[in-house]
Amino acid sequence: TRSFTNGGTFLGNTVKATAPTPASPADRIRLYVQFEEDNVWRLVTTMEGAEEYTVSDNRTTLQAKPARILTELTPIGAASSMAVFKGFVVYGYEQPSINVRMSAIGQPWRLSRASDTSADKEAGSDWSIADAFQDVPKELVGAGDVLFALGKQGVYASYGLTPQTMTPFRHVPKSKGVIGHAACRFQGDDGYPGVAYVGQDQEVWLIKSAAGVQQDFGFPVEELTYEVRGSIRRFLTQTDSPNPDLLSIGMDLNSDSLWVVYGSRAMVFRKPNVIDGSRGWELYEYAGAGWGRVALDHAYGIRAIRMSGQFDTLDRDIAGAPIRGVSRDGGSVMPEGKWTSGTITAPRARIFQATAHRDNSQALRIEIVSDELTKVYTLGTGKRRARMAQSQRGLNHKITVLLNESEGPVSLIEFELHELGQRRNS
């Protein structure tokens, strides 16, 4: 719109703004004006929807409009790791000097700044994880009241509730450095949370955030792969120098298990068994292309992305049910599962009967190899016991439990042996 005086003198153009139809009732369009001499944006009006607004205010009126106050931001920079802890965000940087930055509480965009005062108890803070800048954080994990920073040479811990009250990072004794970003929160069988990670020695370690140790940082360090030491190097990575970008670790809350994945192979630390309460590692190798990254989520399951961009779902579906039928392995039949005992030696004994502790709605097959007979026995649905043949005897016995995909699990099987010639009371 062009404006003139009564005498025909041109005064300039009048701005007319047209607002489009909003995509939702909550949409608003704000019109601001800025003068060259002060570079301050001032709010002229707020347009509620599809309407037109003509700016007819003079300069003095526009300069009196409310100024827009911008939030003071601090550039986060090229953070290589990040963790949410106690209501604030922690950023890790692979650089010397300051390499851990904690944001203000509830304000992840606001880091420590020179204008912060000691009266601001929610302000951010900056840290270095090692003396003389000898290490940098590769990954950050919060567990309980402890923030763990995992570096190349070891694990460092800080304790506190707010950025201003966190203790300086201290090295956890006997801890190893981490490979890449292979670290996650995990909970020990004693209930203490902690951080599980793949160390530079290619073993899985757990450092617990035990209560009452914030003063001396005497965190318990446990090797989870103690009984299968060397399996990660021999089976999982099959190299002395694994690619950190292909190594993933995560906790599946649905099954209380810890997954370590590299390429197309996985090692799974299952939940404690019902017999002796111990955990065991299971080794898997999947057909097809290897994965670049694996993510574990309680709601969405275990998802792996191939180098081609395709996604795979492992172990269970979104509902938490085991993946079976045509949804797994391209529809091919799963191989028969087997568990074989060691050789049982008893002087001329007969195996009289077997009792299985399981879901009685499922069948179970047991193969017994004795000196005088090899036979497969079936415990049908609703049956807990099976009586063995008279000739199921000898000096040596070996037992194999046979399970199809729809059968199992079995928690315990009891066998009754009698020396030949001995009378059975019942």
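Just a few scattered comments:
- With Rh defined as the Kirkwood radius, the inverse of the mean 1/r over Cα pairs, the Rg/Rh of region 334-405 is 0.98.
- Rg(Cα) / (2.2 N^0.38 Å) computed for region 93-160, rounded to two decimals: 1.15
- Each peptide among 186-196, 303-313 gets the average number of other Cβ atoms lying within 10 Å of its residues, and from highest to lowest they stand as 186-196, 303-313.
- Remark: spin-label model distance Arg293-Val221 equals 3.0 nm, labels positioned 7 Å along the Cα→Cβ axis.
- Ranked list, fewest to most other Cβ atoms within 10 Å of each Cβ, for Asp38, Asp276: Asp276, Asp38
- Projecting the Cα positions of Ala346, Phe148, Gln95 onto the charge dipole of the chain (unit charges on Cβ atoms of Lys, Arg, Asp and Glu, taken about the Cα centre) puts Ala346 furthest along the positive direction.
- Low-density loop cleavage sites - GluC sites (Glu not before Pro) in region 29-103, where at most 16 other Cβ are within 10 Å (DSSP): Glu36, Glu37, Glu48, Glu51, Glu72, Glu94
- Among Leu403, Leu206, Leu161, the residue with the largest mean-square fluctuation in a Gaussian network model of the chain, with springs joining Cα atoms closer than 10 Å, is Leu403.
- For region 87-99, 3J(HN,Hα) per residue [Karplus equation, 6.51 cos²θ - 1.76 cosθ + 1.60, θ = phi - 60°, Hz, x = Gly/Pro]: x, 9, 10, 10, 10, x, 10, 7, 8, x, 6, 6, 10
- Kirkwood Rh, angstrom, region 43-137 [1 / mean 1/r, Cα pairs]: 16.7
- Extended-chain gain in nm, criterion 0.36 nm per residue less alpha-carbon gap, Ile323 and Leu412: 29.6 nm
- Net charge of the neighbourhood of Pro66, taken over other residues with C-beta under 12 Å away and scored Lys/Arg +1, Asp/Glu -1, is +4.
- Charge tally for Tyr91 (other residues, Cβ to Cβ under 14 Å; Lys, Arg +1; Asp, Glu -1): 0.
- All other residues whose Cβ lies under 12 angstrom from that of Asp126 are scored, Lys and Arg at +1 and Asp and Glu at -1, for a net of +1.
- What the Cβ-Cβ distance of Glu336 and Arg30 gives, at R0 = 56 Å and to the nearest 0.05, is a FRET efficiency of 0.25.
- Principal axis analysis of the Cα atoms in region 147-262 yields extents of 43, 30, 23 Å, listed in decreasing size.
- The alpha-carbon of Lys121 sits under 20 angstrom from the alpha-carbons of these aspartates and glutamates, leaving out residues fewer than 8 places away in its chain: Glu72, Asp145.
- Over 28 Å [Cα-Cα, the chain], rounded percent: 67
- Rounded to whole Hz, the Karplus (6.51, -1.76, 1.60) HN-Hα couplings of region 380-397, x for glycine and proline: x, 4, x, 10, 9, 10, 9, 8, 8, 5, 4, 8, 7, 8, x, 8, 10, 9
A short reminder: the numbers here are calculations on the coordinates, not readings from a lab. Predicted model, so just to flag it, every value in this text is computed and none were measured. When we count neighbours, we look across all protein chains shown, and the Cβ atoms used for this are built from the backbone with ideal geometry, even at glycine.
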